[in-house]
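Each remark here refers to the structure printed beneath this line.
What follows is calculated from the coordinates using simple rules that are stated; it is not laboratory data. In this text, all values refer to a predicted model and were calculated from it rather than measured experimentally. Every residue, glycine as well, gets a Cβ built from its backbone with ideal geometry; the counts of neighbours run over all protein chains shown.
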Amino acid sequence: MHDRFLNSRGNSGFWNVHSNELYNAAKILWNYQTINNTMTINNPLRKKIGEKIHRFHWTAIMLMGLSLETSLKGKIIKENPLLASDKEFPKNLKNHNLVSLFDKAKISYNKDEKLLLERLTASIKWISKYPIPLEPSDFNSNDIIRSENDFVASETLRERILKSR
């Protein structure tokens with residue numbers, strides 16, 4: 001059973017399938033909220049943060065961040081399967097820092113994309129576990145989603161990962 005576990009952990013296909021599942025869930029939530037942003041203001045389903053961005057957008061962006069993370073780790077493992085074959089999963093892959101993972105995967109990004117990756121990393125760290133950040137300095141919704149174009153920009157990063165496999 002231990003060998004099967006290590007073989008599965010080192011199979012980039014498992015990482016890619018999981019990344020696709022996270023991406024699809026993110027896209028469903030993002031699209032759902034985008035449609036519902038056109039509802040009347042009196043509709044109780046329309047709970048807003050800022051002008052147009054609902055809490056579902058936060059969850060969608062967090063899932064997109066997790067999708068990028070999983071896809072990057074799959075690529076890194078595919079290029080070096082020994083990383084996942086050890087008893088202890090490598091510490092440098094146990095983080096959620098997307099900038100660091102893009103660097104490890106040798107995938108380029110520009111200055112604006114780096115800022116987006118930093119916000120996506122923040123979303124993975126706290127939106128996935130808590131209703132609000134644990135630190136007051138992180139308590140600013142503008143730090144996570146700055147524009148409804150963030151999801152499209154994230155999809156561009158995802159495509160870059162997929163093309164690099």
Are there GluC sites (Glu not before Pro) in the range 81-140 that DSSP marks as loop and that have at most 14 other Cβ atoms within 10 Å, and which are they?
-> Glu88
Note down the nm distance, to one decimal, between modelled labels 7 Å out along Cα→Cβ at Leu162 and at Ser108.
-> 2.1 nm
Using a Förster distance of 41 angstrom, determine the FRET efficiency expected from the C-beta separation of Ser85 and Tyr32, and round it to 0.05.
-> 0.55
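Using 0.36 nm times the number of residues separating Lys94 and Asn11, minus their current alpha carbon distance, what extension gain do you get?
28.2 nm
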Around Leu162, what is the net charge, scoring Lys/Arg as +1 and Asp/Glu as -1 over all other residues with Cβ under 11 Å from its Cβ?
-> +3
Once the piece of chain linking Leu115 and Asn20 is laid out straight, how much longer is it, given 0.36 nm per residue of separation minus the C-alpha distance between them?
-> 31.9 nm
